[in-house]
Amino acid sequence: MDKQRLIKNIDYSILICMLCLIAMGSLAIYSATCTGGGTMFISKQLTWVVLGFVIFFVFMLVDYKTLLTLSPAFYIGAILLLASLFVFGKSRAGSYSWLSIGGFTLQPSEIAKVVLIISLTKYLVWDHDKRQTFFYVVKALIISGIPLALILKQPDLGTALVFIPIIFAMLYIAGAKPRYLITLIVLGIAVLPVMFMFLKEYQKARLLVFINPNIDPLGAGYNIIQSKIAIGSGGMFGKGWLLGTQNRLNFLPERHTDFIFSVIGEEFG
């Protein structure tokens, strides 16, 4: 693809939205960390932004058909990365989800998300003549199930749950029969009580306080309650950048990652 055609085919609306999100996220991360971590976190953020743009433009130069052709290699690589966590993984909050490489930490499950989308696309397009069969859906679930099982084993329930809507959305768009998807949803709901029994205690607590954080307001529900207070205190228009009291007074835990939405809600409304 020549450069003129490449520039002509850029979707500038998506590019502008991406830049706005990056700007908003960077402002929120700085606000959440400037009193504690100094500039370390925002420096890391901006480093990854630059690296992300480099990768973005590199992939723009690659034909998507090439990505589909290479999808089996990407898939195997992602599986090996996820499996390596059980040997070289770095524990955070009881979950072995991170690899430490030099001065950087890498979360293979984030790579696995993109790889799964590419791999499923390859399968769903390549085997499109069988999309009206139940086996078409089952094979897609097998492809998705391997990385999903490795992520659950870490354990990282939150990331694993993100995979489910991705899988179902792709199957639906690909033309899988709705009745098969509805059947899977019904079966999934039916086995939820059984799956709940196999969760670790902290995972059970997180799910229960998500429904009702007041059952343990000073324990597992504390974070959710504080995040709701922060969002509520921001009102419709927010308190202003760097002026969030829940944020600045350290009531919000992990506010530069898990609760960054609360920082944005309090300061920007």
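When Ile229, Ile182, Ile215, Ile211 are screened for being open to solvent by 70 Å² or more (accessible area, probe 1.4 Å), more than 27 Å from Arg92 (Cα to Cα) and out of contact with any Ser or Thr (no Cβ under 8 Å at 6 or more places or on another chain), only Ile182 passes. Would you say Leu51 is modelled with pLDDT of 85 or more, surrounded by fewer than 15 Cβ atoms within 10 Å (Cβ to Cβ) and not charged (D, E, K, R)? Taking the combined requirement at face value, the residue satisfies it. Note on segment 222-268: enclosed helices (runs of 4 or more DSSP H) holding 1 or more residues that are over 26 Å from Asn212 (Cβ atoms) are 245-248, 260-268.
The condition of being over 30 Å from Phe168 (Cα atoms), out of contact with any helix residue (DSSP H, G or I) (no Cβ under 7 Å at 6 or more places or on another chain), at pLDDT below 80 and surrounded by 14 or more Cβ atoms within 10 Å (Cβ to Cβ) holds for only one of Arg206, Arg248, that being Arg248. Within segment 210-259, the residues that satisfy the criterion of being among the acidic types (Asp, Glu) and either within 20 Å of Cys34 (Cβ to Cβ) or touching a Cys at 6+ places or on another chain (Cβ under 8 Å) (or both) are Glu254, Asp258.
Within the set Ile117, Ile164, Ile151, Ile142, the sole residue that is in contact (Cβ under 8 Å) with a residue 60 or more places away in the chain and either within 22 Å of Ile76 (Cα to Cα) or surrounded by 12 or more Cβ atoms within 10 Å (Cβ to Cβ) (or both) turns out to be Ile151. Checking each residue in segment 240-263 for being of a type in the set (Val, Ile, Thr) and within 15 Å of Lys228 (Cα to Cα) picks out Thr245, Ile260, Val263.
The values are calculated or read from the model by the stated rules, or taken from the named source; none is laboratory data. This one's a predicted model, so the numbers in the text were calculated from it and none came from an experiment. Don't worry about glycine lacking a Cβ; one is built from the backbone with ideal geometry, like all the others, and counts go over all protein chains shown. Keep in mind that these areas ignore ligands, DNA and RNA; they rest on the heavy atoms of the full protein, side chains included. Shrake-Rupley method; radii C 1.70, N 1.55, O 1.52, S 1.80 Å.
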